[in-house]
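> Shown below is the structure under consideration.
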Amino acid sequence: MKSPLNQWYEKAGVRRDPRRVIGQDLESGKTLFPEAMIPYLDHPLVRALGPDERFRIVARHLYQYLHFTMHFETSVVNRATERIANGTSGLGVATGMRLDAYKIYCDEAYHALYSLDIIEQVRGATGIDVPAYDFMPFLSQLDGIGAQVMQGEPLLSQLLQVVVFETLVTSILKDVPKDPMVVTTVRDVVRDHAEDEGRHHAYFSGFFKELWTDLDPALRERSARCLPELVLRSLAPDLAPVRNSLRLAGLDKDGVEQVVADAYAPVQVREQIRNSARHTVRLFESVGVLEMPGAEEAFAAAGLV
């Protein structure tokens, strides 16, 4: 199979793209993140805060997205990718695939670097403070799924995590670069990220097919039960930073909870997750994951099929 990273030295962002620097966009009235993609921004309680406070909320939403990207790339994706690259994944991975894993490792570290870089540039340009961000609750929940369903197989659980996340197709990477009202630097950074992730998607789709073939029937069955929960956990909105941002904006506890309840209704969240996961679920179907005992029922219970 032709490697999706065979032109990495010429096409990878870390090899080719310039450093993205905030320009004069903010002075021309552009926003820092697509406002239509912030579910709570047009809630009546938030609209009542006024345009200056809403702008600060948008900035904090961008900070949240970039912080999550920074931590997920290094703490989840590169944790597993490094095992593939150095030959300790438990699979007989060919040298070419290991070299490609190192390329992805470099990409993800660079994505983390420029995520933090943009956070600091926006802070400097706007004067809007960057709230503390704690990634550990998310990581603990993600790892906890593997500990429950894949007990005794922590490495396999980590490999499944990276396959899930790297094959998801979220609206942020697709839609932010297309929004002319977003600051050019943010659009460029997300476009850079999306171009790299397209190649990663292809790589991990191929990797999962090899991984699935290598598993014995018992591990396939356990993996099939684990995957739906990994998808849900990877895509579930992180509401702690949202609540913190709304508190910083001046809403009281009851107001914060009202906004969160209205903006993140379970039915809407589940539909968004299903839409973002459709390519990943198709990958699982193509190798027979849903044919394992109880798998289709587990995916259906998770709202993924």
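Coordinate-derived values only; no laboratory data. What you see is a predicted model, and the numbers here were worked out from it, not measured in a lab. Cβ: placed from backbone, ideal geometry, glycine included. Neighbour counts: every protein chain shown.
> So what's the convex hull volume per residue for the Cα atoms of the range 106-204, in Å³?
118 Å³
> For a 25 Å ceiling on Cα separation, which of these pairs sit above it: K103/K209; K178/K253; K30/K174? Before the final figure, lay out the partial values.
Working: K103/K209 20 Å; K178/K253 35 Å; K30/K174 19 Å.
As for pairs spanning more than 25 Å Cα to Cα, those are K178/K253.
> While we're here: Please identify which residues in the range 1-23 have an amide N closer than 20 Å to a label point set 7 Å out from the Cα of A109, following the Cα→Cβ vector.
Once the point is set 7 Å along Cα→Cβ of A109, 5-20 turn out to lie under 20 Å by backbone N, inside the range 1-23.
> In nm, what is the difference between 0.36 nm times the number of residues separating V169 and S286 and their Cα-Cα distance?
40.4 nm
> Just to check I understand the Karplus step: with θ = phi - 60° and J = 6.51 cos²θ - 1.76 cosθ + 1.60, what whole-Hz values come out for the range 40-48, glycine and proline as x?
Ordered by residue, 3J(HN,Hα) equals 9, 5, 9, 4, x, 5, 7, 4, 5 Hz.
> Apply the Karplus curve 6.51 cos²θ - 1.76 cosθ + 1.60, θ = phi - 60°, to the phi angles in the range 90-99 and return the couplings in whole Hz, x for Gly and Pro.
Going residue by residue, I get x, 10, x, 6, 5, 4, x, 5, 5, 4 Hz, with x marking Gly and Pro.
> Counting other C-beta atoms within 10 Å, and keeping those with at most 13, which DSSP coil trypsin sites (Lys or Arg not before Pro) do you find in the range 17-56?
Details: sites: R19, R20, K30, R47, R54, R56; in loops: R19, R20, K30.
Of the trypsin sites (Lys or Arg not before Pro), the ones in loops of the range 17-56 whose Cβ has at most 13 other Cβ atoms within 10 Å are R19.
> Trypsin sites (Lys or Arg not before Pro), restricted to the range 179-214: which are DSSP loop and have at most 10 other Cβ atoms within 10 Å?
Within the range 179-214, no trypsin sites (Lys or Arg not before Pro) qualify (loop, at most 10 other Cβ atoms within 10 Å).
> Under the definition of Cα pairs under 8 Å and six or more residues apart, what whole-number percent is the relative contact order of the range 145-259?
Relative contact order, the range 145-259: 31 percent.
> May I ask which residue of F55, F165, H111 lies farthest towards the positive end of the charge dipole of the range 50-183, with charges of +1 (Lys, Arg) and -1 (Asp, Glu) on Cβ and the Cα centre as origin?
About the Cα centre, the residue reaching furthest to the positive side is F165.
> Sticking with this structure for a sec: Among V305, Y9, L142, which residue has its Cα positioned farthest towards the positive end of the charge dipole of the chain, with +1 placed on the Cβ of Lys and Arg, -1 on the Cβ of Asp and Glu, and the dipole taken about the Cα centre?
Sorting the options by dipole projection puts first Y9.
> Going 7 Å from the Cα of R98 toward and past its Cβ, which residues in the range 129-166 have a backbone nitrogen under 13 Å from where you end up?
Answer for the range 129-166: none.
> Enter the Cα centre distance for the pair the range 18-54 and the range 111-131, rounded to the nearest angstrom.
The range 18-54 and the range 111-131 have Cα centres spaced 15 Å from each other.
> List the residues whose amide H sits under 5 Å from the amide H of T31, counting only those 5 or more places along or on another chain, with H placed 1.01 Å from N in the peptide plane.
V182, V183
> Given the DSSP H assignment, sum -39500 (n - 2.57) over each helix run of at least 4 residues in the chain and divide by its residue total; what's the result at 222 nm in deg cm²/dmol, nearest 500?
It lands at -21500 deg cm²/dmol.
> State, as an integer percentage, the relative contact order of the chain based on alpha-carbon contacts under 8 Å between residues 6 or more apart. Before the final figure, lay out each step's value.
Working: 318 pairs, mean separation 73.5, N = 305.
Once divided by the residue count of the chain, the mean separation gives 24 percent.
> Taking a ≥ b ≥ c as the square roots of the Cα gyration tensor eigenvalues, with a/c under 1.5 meaning rounded and otherwise prolate when a/b beats b/c, else oblate, which class fits the range 67-126? It would help to have the intermediate numbers written out before the result.
Values: a/c = 6.26, a/b = 2.98, b/c = 2.10.
Because a/c hits 1.5 or more and a/b exceeds b/c, the range 67-126 counts as prolate.
> I'm spelling it out carefully: the read-out is Rg and Dmax of the Cα atoms in Å, the candidates are (i) 28.6, 94; (ii) 23.2, 89; (iii) 20.0, 59, and one was derived from this structure. Which label?
Identified label for the calculated read-out: (iii).
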